[in-house]
Amino acid sequence: MDLKELESGVDPKTHWYYQSKKVPLISFVKKIYSKKKAKLTLIDVGSGSGFFMYELMEAVPEMILKIYLVDIGYSEEEIAVTKNQHIEKIKSMPDKIENAIVVMMDVLEHLKDDHAMLKAIKEKSIGENYFFITVPAFMGLWSSHDVYLEHFRRYTKKTLTSLLRETQFTIGNLYYFYGSIFPAVWLARKMKSNNEQVDSDMKPMSSFTNSILKIICSIEFPFRKINRIAGVTCVAEGSFSK
């Protein structure tokens, strides 16, 4: 989770975007737990605040053996405090990835070489592991928001599929999310001036608007996997092994 998105005062515990985005992740963890019949290790790459993993721990603690929050921004003090805890902060990937789900929530777009990250993850794999990836979708939505967050690119179903296949990740599902709000987001970004201040689109909003957007996303959720057309986010779920 990008810490820059929180600088405008947004509370992910209530904001529609984050509360909606965690739902497909929780659903995927439940699916893999049901398949493996064993507690899972979660490795959250580029975890930032760790919001999604803390939410996951609240939702399905019985399914989780260990959570690693991986981020180069963590201080030595943060790392020391969480060492050997159920949720542990570290600066680099664990030496081995085993019986695990690697989570990358809006991470790959920040990397100049997204192939290298996936290859590094794959090299540490022991047996079959799983992944859950979200990335911003469509360069047509590129705006000052992307510049502010220091993105290199936005993805499509086609480009994300190509990346995962080239790095030998097996795709289970690949779909767009937030399709219901795609037209409004596209229009809003096209209406922005090129000279507009570089800033995040994530802003606090009224409780009424926030509730309406959460309802819209909840209606979309059951049909997300059939959306191959358009959305603000692209989601990939699947497996990998060395």
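The rows are residues; the columns are (1) out of contact with any strand residue (DSSP E or B) (no Cβ under 9 Å at 6 or more places or on another chain); (2) touching a residue at least 12 places away in the same chain (Cβ under 8 Å); (3) among the basic types (Lys, Arg).
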site	(1), (2), (3)
66	no, yes, yes
72	yes, yes, no
87	no, yes, no
96	no, yes, yes
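Kindly indicate whether any position in region 55-70 is at pLDDT below 95 and of a type in the set (Asp, Glu). Spell out how you get there, then give the answer.
So in region 55-70, the residues at pLDDT below 95 come out as none.
Taking every residue of region 55-70 in turn, none turns out to be at pLDDT below 95 and of a type in the set (Asp, Glu).
Checking residue 189 against (1) over 30 Å from residue 94 (Cβ atoms); (2) charged (D, E, K, R); (3) surrounded by 12 or more Cβ atoms within 10 Å (Cβ to Cβ); (4) at pLDDT 95 or above, which test does it fail?
Condition (4) is where residue 189 drops out.
Name the helices (runs of 4 or more DSSP H) wholly inside region 130-242 in which the number of residues that are over 29 Å from residue 41 (Cβ atoms) and touching a residue at least 60 places away in the same chain (Cβ under 8 Å) is 3 or more.
Numbers: elements: 144-148, 157-166, 182-190, 207-220.
Helices (runs of 4 or more DSSP H) meeting the threshold: 207-220.
Residues being closer than 14 Å to residue 235 by Cβ, small (Gly, Ala, Ser) and touching a helix residue (DSSP H, G or I) at 6+ places or on another chain (Cβ under 7 Å): count how many of those fall in region 156-183.
Matching residues across region 156-183 total 1.
The values are calculated or read from the model by the stated rules, or taken from the named source; none is laboratory data. Quick caveat: nothing in here was measured; it's all calculated off a predicted structure. Backbone-built Cβ (ideal geometry, glycine too); neighbour counts: all protein chains shown.
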